[in-house]
Amino acid sequence: MSVRPDYPELKEINAYKKELNWGEVPTIYHMLATSVGELDGILTHGFDSGYKHILDPQTWNLSLLGGSRDVAGNIEVKNKPQIMLQHVYDDTTYELHCYPVVNGERFDGAAKGDAMCPFVIWQPATMRMLFRINNLTSFMMYNFQRGDEADLELIKFTHFKVQKLISILRESFDIIETKGYSIADFYLEIRRRHK
């Protein structure tokens, strides 16, 4: 077996999975790896997403945030927009949801031109879900039944990728609260219940 790096990339994890399984990759592994691969390029390619949309300062309420444009047209704000995040799981998928904070509270509705909302327009249908990872929870269950080291590496990679995307949000936003289990905590909770 080949020596693997401490923090392998998705390509290396996929190669390791093939190595462990004589070139055969189960469908459930392939589905999760594909979904994570799409997440890996969320900022660089692919379709528009809630994640990319909220990071665009053009969507921010500059009056509320003490914002202005510099001579080059770049937006600068004195106060970061306030948001709350929530990890959401169902039987198969994981989603990261975002809620604007209005008057210190999580805002669940839609808004347009609301002086207290950190976004000029907030449309929950298209902006709340920042991204989705298909088949994550079902893959975790599969991992307990028939998983190998590569499966666990894929789960770890997924966790670290989501944490990295959250840290990118922290650079632009004041994240007041994050609710729900992180992927690592969710995995540990499933493992505890499985035993």
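None of the figures in this text is laboratory data; all of them are computed from the coordinates on show. Keep in mind that this is a model prediction, so the values were computed, not measured. Every residue, glycine as well, gets a Cβ built from its backbone with ideal geometry; the counts of neighbours run over all protein chains shown.
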Test Lys52 against the stated conditions and say whether it is surrounded by 11 or more Cβ atoms within 10 Å (Cβ to Cβ), of a type in the set (Lys, Arg) and either more than 30 Å from Ile121 (Cα to Cα) or touching a His at 6+ places or on another chain (Cβ under 6 Å) (or both).
no
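If only one of Ile190, Ile176, Ile166, Ile155 is in a helix (DSSP H, G or I), touching a residue at least 12 places away in the same chain (Cβ under 8 Å) and under 30 Å from Ser63 (Cβ atoms), which one is it? I'd like the intermediate steps shown before the answer.
Numbers: Ile190 fails: under 30 Å from Ser63 (Cβ atoms); Ile176 fails: in a helix (DSSP H, G or I); Ile155 fails: under 30 Å from Ser63 (Cβ atoms).
Checking each option against the conditions leaves just Ile166.
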Can you spot a residue in segment 34-47 that is among the acidic types (Asp, Glu) and more than 19 Å from the chain's Cα centre (by Cα)?
no
Just for segment 59-104: of the residues that are of a type in the set (Val, Ile, Thr) and farther than 28 Å from Ile183 by Cα, which one is surrounded by the most Cβ atoms within 10 Å (Cβ to Cβ)?
Val77
Under 8 Å by Cβ, and 6 or more places apart or on different chains, what pairs join a residue from segment 57-80 that is at positive phi with one that is assigned to a loop (DSSP other than H, G, I, E, B)?
Gly66/Val77; Gly66/Lys78; Gly66/Asn79
Give the residues of segment 156-172 that are touching a helix residue (DSSP H, G or I) at 6+ places or on another chain (Cβ under 7 Å) and of a type in the set (S, T, N, Q), sorted by residue number.
Thr158, Ser172
